[in-house]
Amino acid sequence: MPPTREAYCVDIGNGISVGDTVPQAPVDYPGEVLFILNNAFPQPNTIGVPLGTAADEAAAVQCAIWSYTDNMVCDTPSNIGVRAAEIVAAANAAG
């Protein structure tokens, strides 16, 4: 069995799940997405202070990614929405 790896879905219309083994298309994402993938959870975080749980932090990162790849607006007033906005702002500044 191949090793388990943490991953994000970069296309809201085409999800991924445990056991997927087919590599995705070659990376052709905006620089901001690459910044997020390289600098946010589960990578060593260089973007502000992560949320208290891995699940919440991963949700914020996923929302931030979809804001670039799928024009998703993470407008929830929760800590996840606020954190996603922080990640997007950092990616914009780095981009």
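So which of 30, 44 is at negative phi, touching a Gly at 6+ places or on another chain (Cβ under 8 Å) and modelled with pLDDT of 80 or more?
Being at negative phi, touching a Gly at 6+ places or on another chain (Cβ under 8 Å) and modelled with pLDDT of 80 or more holds for just one of 30, 44, which is 30.
Can you tell me which residue is nearest to residue 90 (Cα to Cα) among those in region 31-45 that are loosely packed, with under 13 Cβ neighbours inside 10 Å and free of Cβ contacts under 8 Å to residues at least 24 places away in the same chain?
Looking at residues that are loosely packed, with under 13 Cβ neighbours inside 10 Å and free of Cβ contacts under 8 Å to residues at least 24 places away in the same chain, I get 38.
Somewhere in region 55-76, is a residue open to solvent by 70 Å² or more (accessible area, probe 1.4 Å), in a loop (DSSP other than H, G, I, E, B), without any contact (Cβ under 8 Å) to a residue 40 or more places away in the chain and of a type in the set (Gly, Ala, Ser)?
No, because not a single residue in region 55-76 is open to solvent by 70 Å² or more (accessible area, probe 1.4 Å), in a loop (DSSP other than H, G, I, E, B), without any contact (Cβ under 8 Å) to a residue 40 or more places away in the chain and of a type in the set (Gly, Ala, Ser).
Here are some conditions: (1) open to solvent by 60 Å² or more (accessible area, probe 1.4 Å); (2) touching a Phe, Trp or Tyr at 6+ places or on another chain (Cβ under 8 Å); (3) at pLDDT 95 or above. Residue 50 meets all but one. Which one does it not meet?
(3)
The values are calculated or read from the model by the stated rules, or taken from the named source; none is laboratory data. None of the values given here were measured: they were computed from a predicted structure. Glycine also receives a Cβ, built like all others from the backbone with ideal geometry; neighbour counts cover every protein chain displayed. To get the accessible areas, we keep the full protein, side chains included, count just its heavy atoms, and leave off ligands, DNA and RNA. Shrake-Rupley method; radii C 1.70, N 1.55, O 1.52, S 1.80 Å.
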